[in-house]
Amino acid sequence: MVQRHGVGNFAAAGIGLTNDLAQAVDLAELLQRHGTESEIVFDHVSIADAAPHAALHLAIAEGAPVVVTFKRFQSENATLVYVANTIAVDTLGEALADEVVEHPEITEPLFDVLETRAGVSTCASLARLQPELASDIDHPAAPIASATSTPVLRIDETGLDVRHHPIWHSRTWFPPGAMSFELMRHRSRTFA
């Protein structure tokens, strides 16, 4: 329930999240901060050849070896978010890449494992938001029967190190009704 002073109470669709857009925060941490109990389900993890979009975002050769992690954040058996993370094997090192495939849970939270185990820190990230059709979600756990005309929000985000070199790429899909986002924007004025 959302209360608006002088207007009334309104039912809020999904889980409402607020976060300073200038801050890169791990999704699990953000959900926890807002009191949402969630479970992370790893649907498929493998070492694969970099797909064209991942190679572009990671500034690596198409077909270079990458670790691809498909996971979902769930709350009360409902999927809140579908995620596909891609990290170059060269960034992780072969031993850590193999360990991630065997034990993908070590990648949570991602920022921490990259810093402590791979020796790289995410100093910034570049995120691109765009609408997509539910039928275009490229995730093994996404329902195939999704209506082709159902819109979803997709975020492509690339983590950058201190030199602004790409470290990781994440493609995240938010199904309708699971979560909501609010932006507060301020208008600056120049007074004479």
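The values are calculated or read from the model by the stated rules, or taken from the named source; none is laboratory data. What you see is a predicted model, and the numbers here were worked out from it, not measured in a lab. With ideal geometry, Cβ positions are generated from the backbone for all residues, glycine too; neighbour counts draw on all protein chains shown. Accessible surface is based on the protein model in full, side chains and every heavy atom, while ligands, DNA and RNA are left aside. Shrake-Rupley method; radii C 1.70, N 1.55, O 1.52, S 1.80 Å.
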Only one of these is modelled with pLDDT of 95 or more, assigned to a loop (DSSP other than H, G, I, E, B) and either of a type in the set (Asp, Glu) or open to solvent by 50 Å² or more (accessible area, probe 1.4 Å) (or both): GLY63, GLY119. Name it.
-> GLY119
Provide a single number: the residues in region 46-60 that are part of a helix (DSSP H, G or I) and out of contact with any strand residue (DSSP E or B) (no Cβ under 6 Å at 6 or more places or on another chain).
-> 4
Cβ-Cβ below 7 Å, separation at least six or inter-chain, first residue in region 40-66 and touching a residue at least 12 places away in the same chain (Cβ under 8 Å) and under 18 Å from ALA95 (Cα atoms), second of a type in the set (S, T, N, Q) and crowded, with 16+ Cβ neighbours inside 10 Å: which pairs?
-> VAL45/THR69; VAL66/THR86
When region 107-116 is checked residue by residue, the ones that are among the polar types (S, T, N, Q) and open to solvent by 30 Å² or more (accessible area, probe 1.4 Å) are THR116
Of the residues in region 83-109, those that are modelled with pLDDT of 95 or more and either among the hydrophobic types (A, V, I, L, M, F, W, C) or assigned to a loop (DSSP other than H, G, I, E, B) (or both) number 14
Any chance GLU94 is surrounded by fewer than 22 Cβ atoms within 10 Å (Cβ to Cβ), over 26 Å from GLU39 (Cα atoms) and among the charged types (D, E, K, R) = yes
How many residues, within region 122-153, are touching a Lys or Arg at 6+ places or on another chain (Cβ under 7 Å) and either assigned to a helix (DSSP H, G or I) or surrounded by 12 or more Cβ atoms within 10 Å (Cβ to Cβ) (or both)?
-> 2
Mind checking whether some residue in region 97-106 is under 21 Å from PRO175 (Cβ atoms) and either of a type outside the set (D, E, K, R) or open to solvent by 40 Å² or more (accessible area, probe 1.4 Å) (or both)?
-> no
